[in-house]
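Let me begin by presenting the structure, written as structure tokens, before commenting on it.
The values are calculated or read from the model by the stated rules, or taken from the named source; none is laboratory data. The model shown is predicted, which means the values in this text are computed figures rather than measured ones. Cβ atoms come from the backbone with ideal geometry, glycine included; neighbour counts cover every protein chain shown. The accessibility values were calculated without ligands, DNA or RNA, using every heavy atom of the protein model including side chains. Shrake-Rupley method; radii C 1.70, N 1.55, O 1.52, S 1.80 Å.
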Amino acid sequence: MEKFLIHSGVAAPLLRVNIDTDAIIPSREMKLVSKKGLGEGLFAGWRYTEAGGRTPNPGFVLNQPGYKGATILLSGRNFGCGSSREHAVWALAEYGIRAIIAPSFGVIFQGNCERNGILPIVLPETVVQSLATQVAADPQSQRLTIDLQQQSVIDPQGTAHAFDIAPSSRQMLLEGLDQIGLTLNRLDRIEAFERDFRERRPWLFATNP
Amino acid sequence: MATTLFEKLWLEHEVEQLDDGDSLIYIDRVFLHERTGSVALESLSSEGRKVRAPERVFCSMDHIVDTLPGRGDETMVPAGTAFIQSTRQASRQAGIRLFDVNDADQGIVHVISPELGIVQPGCTLVCPDSHTCSQGALGALAWGIGSSQAEHAMATSTLVVKKPRTMRVTFRGELSPTVTAKDLILHLIARYTTAGGSGYAIEFAGEVVEGLDVEARLTLCNMAVEFSAFTAVIAPDQKVIDYLRGREYAPAGADWGRAEAFWRTLHSDPGAHFDREIEVDCGELAPCVSWGTSPQQACAITGAVPEIDPGLSETDRASQQRAYDYMGIAPGQDLRTLAIDAAFIGSCTNSRISDLRRAADVLRGRKVAPGVRAICVPGSQRVKREAEAEGLDKVFTEAGFEWREPGCSMCFFAGGESFGFRQRIATSTNRNFEGRQGPEARSHLASPATVAASAVAGHLADPRDYL
Ligand code: SF4
């Protein structure tokens with residue numbers, strides 16, 4: 001997993017509320033039994049002129065020249081709600097998105113982001129709105145800088161906006177760690193728990209009929 | 001100390017507390033499905049990792065399988081067959097129990113898990129599907145996860161989880177017999193918004209919940225995710241115990257007595273503290289239906305499309321205007337004037353035998369209005385068999401409904417079969433997002449009885465006029 005330390009990039013505003021995972025990656029775009037090959041389907045329903053097509057819809061923000069190469073998304077409340085499909089995050093990552101700034105996130109989606117090297121940042125709606133206004137003036141030059149170590153977003157005018165993140169998520173992103181490997185280091189502890197738990201609740205361990 | 005049900009379930013499974021407020025939680029059961037399961041299994045094995053306890057991992061083919069009679073591995077979902085076949089192969093390799101396409105126990109994960117007694121009070125169960133919260137209805141701690149977490153759960157029998165806060169939602173009063181669990185949950189979300197449960201594990205309680213049967217409780221908990229909750233639980237009672245007795249994976253022999261004694265301890269103690277409490281008075285509730293593109297955009301079937309509240313933020317007002325435009329409706333419009341093109345009864349929310357019975361009560365001796373395409377998809381093979389044994393399939397087909405094979409079907413549009421462009425659908429499902437059921441499809445969430453009544457009327461209709 002790619003580490004996240006400091007990132008500067010073009011930020012694209014998509015200021016709708018409740019953007020669900022099906023809007024991020026429509027189910028019809030999940031064509032391969034794989035985590036790869038999903039970037040093209042990102043926001044397909046909005047990004048292209050027709051379902052399944054590949055003609056760019058000029059009205060969609062990521063197709064506008066100013067927002068070319070965007071690596072940060074600004075969004076409305078509850079971004080990533082809906083289906084738990086991790087494909088939404090894999091699609092964002094493959095497209096090149098490194099961070100999403102929104103007033104709130106779908107809870108499963110937020111965790112999925114952190115496990116895939118994308119930083120979900122919660123900032124108040126008014127701040128997100130003001131970031132969007134600032135970058136809109138000239139998105140290519142008015143970039144945002146995100147410093148995960150310092151937990152702050154620095155806007156084009158140089159103002160820093162502090163954000164919260166769970167220490168474990170922060171560590172995972174900073175170091176690009178694989179959580180399974182970390183947990184497997186605790187296997188002794190898990191096995192000890194399991195022995196005792198099996199004694200107490202044997203029926204949960206009964207084998208299949 | 002007085003403890004909530006959620007805390008009991010949490011402490012029961014807490015292997016250890018990690019440094020920063022996270023806990024390592026022991027996972028008793030993992031359920032997979034073919035849309036994401038094969039990716040998780042393959043990714044696990046490509047990293048040289050094993051499924052630690054395959055006997056406690058299950059998989060169903062439900063999401064993209066065809067639901068037309070006579071189906072096989074072929075499906076209308078683009079590349080869907082590859083997902084089905086690779087899931088079969090990966091399940092076999094991992095040694096997990098697969099409920100394959102035409103297995104006698106196949107069905108939607110959240111329908112078959114309770115039905116087979118795989119989910120039980122006091123267990124933890126996770127599945128890479130957001131509606132896993134449904135299964136909290138039996139007093140389990142069950143929640144939806146992403147694929148990476150499914151890999152984590154399979155490789156380690158644990159998950160790293162941040163402890164949510166607790167909320168109790170108490171439904172009080174007397175529910176009219178024509179108002180169902182679906183109406184309750186739509187009403188709750190409309191009243192407290194889709195963000196209302198964010199950050200909470202919710203316990204549904206109160207005399208109304210106690211009065212619901214186990215299947216209706218599954219419907220109630222199903223949409224906890226639309227309320228943004230971590231999950232929902234309901235204290236298991238005699239109904240749950242009776243429901244589970246004798247089911248295939250339920251405790252048997254001497255285990256049963258021990259399990260039952262334990263299950264009876266699973267309730268919030270009197271005086272237990274919740275971080276938030278909500279009370280909903282159900283006495284006046286009417287059947288509910290959604291009018292917009294978010295489950296919170298819902299109101300009584302006898303109501304009208306609401307105006308935009310001028311107090312809303314700019315983003316919210318724009319979103320509501322967008323919902324009107326998308327749905328092709330105007331504020332002030334009487335919902336019962338909206339003509340429908342289709343009616344759908346199915347999904348993990350409302351495809352159990354009691355749901356089909358309620359819809360059949362409306363349909364018996366009636367016909368679907370001309371021009372309306374009506375589809376019924378039982379949630380599992382068992383539900384289908386039971387319905388056919390009662391003759392419900394005849395009631396549906398004689399009224400003009402298609403009678404399908406079990407699966408998620410047109411609950412969501414995966415690029416294969418769907419409702420037509422901009423068609424208006426009365427649907428017993430849980431999500432009315434843009435494009436959820438087809439290109440620009442306009443979905444109105446409602447109970448099976450309301451969907452059946454609307455199918456007959458040809459427009460959104462009040463089921464009370466048909467019962
Ligand atoms: S029925 Fe619909 S909501 Fe339920 S699991 Fe299937 S696709 Fe998801």
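Taking only Cα atoms of the range B:84-144, what ratio of Rg to Rh do you get with Rh as the Kirkwood inverse-distance radius? Don't jump to the answer; show the numbers that get you there.
Numbers: Rg = 12.3 Å, Rh = 12.3 Å.
Rounded to two decimals, Rg/Rh equals 0.99.
Among the trypsin sites (Lys or Arg not before Pro) in the range B:94-203, none sits in a DSSP loop with a Cβ that has at most 15 other Cβ atoms within 10 Å. Within the assembled protein chains, the solvent-accessible surface assigned to B:Thr124 is about 0 Å², based on a 1.4 Å probe.
Phi angles across the range B:95-104 convert, under the Karplus curve 6.51 cos²θ - 1.76 cosθ + 1.60 with θ = phi - 60°, into 3J(HN,Hα) values of x, 9, 6, 10, 9, 6, 2, 10, 4, 5 Hz, Gly and Pro given as x.
Charge dipole of the range B:292-465 (Cα centre as origin; +1 on each Lys and Arg Cβ, -1 on each Asp and Glu Cβ, all else neutral): 420 debye, rounded to the nearest 20. For B:Gly458, the residues 5 or more places off, or on other chains, whose built amide H falls under 5 Å of its own are B:Ala369.
Quick one: with all protein chains in place, what share of the accessible area of chain A is carbon or sulfur, to the nearest percent (1.4 Å probe)? The partial results should precede the final answer.
Numbers: 4200 of 8470 Å².
Reported share for carbon and sulfur atoms: 50 percent.
Computed over the alpha-carbon pairs of the protein assembly as shown, the distance histogram in 10 Å steps reads 3, 16, 27, 28, 18, 6, 1, 0 percent, short to long.
What full-extension length gain, to one decimal in nm, is calculated for B:Ile308 and B:Arg71 as 0.36 nm per residue of separation minus the Cα-Cα distance? So the chain would gain 80.7 nm between B:Ile308 and B:Arg71. Helix A:187-200 axis versus longest C-alpha principal axis of chain A: approximately 60°, rounded to the nearest ten.
Which value at 222 nm does chain B reach when only helices count, each DSSP H run of 4 or more adding -39,500 (n - 2.57), with the total divided by all residues and rounded to the nearest 500 deg cm²/dmol? Mind showing how you got there, number by number?
Details: 15 runs with 146 residues, N = 467.
One gets -9000 deg cm²/dmol as the mean residue ellipticity at 222 nm.
Per the Cauchy relation, a quarter of the hull surface: what is the mean projected area of the convex hull of the alpha carbons in the range B:292-465, in nm²?
Working: hull surface 38.3 nm².
The Cα convex hull of the range B:292-465, projected and averaged over all directions, gives 9.6 nm².
Positive end of the dipole of the range B:292-465 (Cβ unit charges, origin at the Cα centre): among B:Tyr324, B:Leu335, B:Ala359, the Cα lying farthest that way belongs to B:Ala359.
Considering Cα pairs under 8 angstrom that are at least six residues apart, work out the relative contact order of the range B:1-95 and quote it in whole percent. Here the relative contact order equals 26 percent. Kirkwood analysis of the range B:398-467, using all unique Cα-Cα pairs, places the hydrodynamic radius at 12.7 Å. Taken as Cα centroids, the range B:170-244 and the range A:11-66 sit 34 Å apart, rounded to the nearest whole angstrom. Under the rule of at least 5 residues apart or a separate chain, name every residue whose amide H is placed under 5 Å from the amide H of B:Phe99. For B:Phe99, the qualifying residues are B:Cys59, B:Ser60, B:Met61. A probe of 1.4 angstrom, applied to the heavy atoms of all protein chains, finds B:Glu207 with accessible area near 90 square angstrom. Accessible surface ranking for A:Ser83, B:Ser428, B:Ser198, B:Ser46, 1.4 angstrom probe, highest first: B:Ser46, B:Ser198, A:Ser83, B:Ser428. Applying the criteria of a DSSP loop state and at most 16 other Cβ atoms within 10 Å to the GluC sites (Glu not before Pro) of the range B:219-310 yields B:Glu248, B:Glu284, B:Glu307. Considering only C-alpha atoms, what is the centroid distance from the range B:1-40 to the range A:141-209, in Å? Their Cα centres are 14 Å away from one another. Restricting the calculation to Cα atoms, every distinct pair contributes to the Kirkwood radius of chain B, found to be 22.4 Å. Among the trypsin sites (Lys or Arg not before Pro) within the range B:10-93, those in coil by DSSP and having at most 15 neighbouring Cβ atoms inside 10 Å are B:Lys50, B:Arg71. Centroid-to-centroid, using Cα positions, the range B:77-137 and the range B:364-395 are 24 Å apart. Each DSSP beta bridge with both residues in the protein assembly as shown is either parallel or antiparallel, and the antiparallel ones are about 30%.
Placing dummy labels 7 Å off each Cα toward the beta-carbon, the span from A:Gln64 to A:Ala206 is 6.2 nm. With R₀ set to 35 Å, the beta-carbon distance separating A:Ser34 from A:Ser8 gives a calculated FRET efficiency near 0.70. Counts of other chain beta carbons within 10 angstrom of each beta carbon in peptide B:302-314 average 1.
Across the options B:Pro448, A:Ser27, A:Ile97, the greatest Cα extent toward the positive end of the charge dipole of the protein assembly as shown (unit charges at beta carbon of Lys, Arg, Asp, Glu) belongs to A:Ser27.
Straight-line cross-link partners of A:Lys35 among the lysines, defined as a Cα under 27 Å from its Cα and at least 8 positions apart when in the same chain: A:Lys3, A:Lys68, B:Lys50, B:Lys162. The calculated FRET efficiency for the pair A:Asn57 and B:Gln333, based on their C-beta separation and a Förster distance of 35 Å, comes to about 0.75.
In this structure A:Val107 has an accessible area near 80 Å², from a 1.4 Å probe over the protein heavy atoms.
Considering only B:Tyr192, B:Phe227, B:Ala304, whose Cα is most displaced toward the positive end of the charge dipole of the range B:155-307, charges sitting on Cβ of Lys, Arg (+1) and Asp, Glu (-1)? The residue sitting farthest along the positive end of the dipole is B:Phe227. Shape summary of the range A:77-190, radius of gyration then Dmax from alpha carbon positions: 15.6, 56 Å.
Equivalent ellipsoid of the range A:6-202: semi-axes from √(5λ) of the C-alpha gyration tensor, largest first, are 33, 22, 14 Å. Calculated on the Cα set of the range B:165-212, radius of gyration then Dmax: 11.2, 33 Å.
With both residues required to sit in the range B:292-465, DSSP beta bridges show an antiparallel share near 10%. In the range B:138-179, the residues whose accessible area drops by at least 30 square angstrom when the other protein chains are added to the isolated chain are B:Gly146, B:Ser147, B:Ser148, B:Gln149, B:His152, B:Thr156, B:Val160; the probe is 1.4 Å and only protein heavy atoms count.
Once the gyration tensor of the Cα atoms in the range A:1-42 is diagonalised, the equivalent ellipsoid follows with semi-axes of 23, 18, 9 Å, ordered largest first.
Below 8 Å, C-alpha to C-alpha, sequence gap of six or more: please give me the relative contact order for chain B in percent.
On the way: 1121 pairs, mean separation 79.7, N = 467.
Value for chain B: 17 percent.
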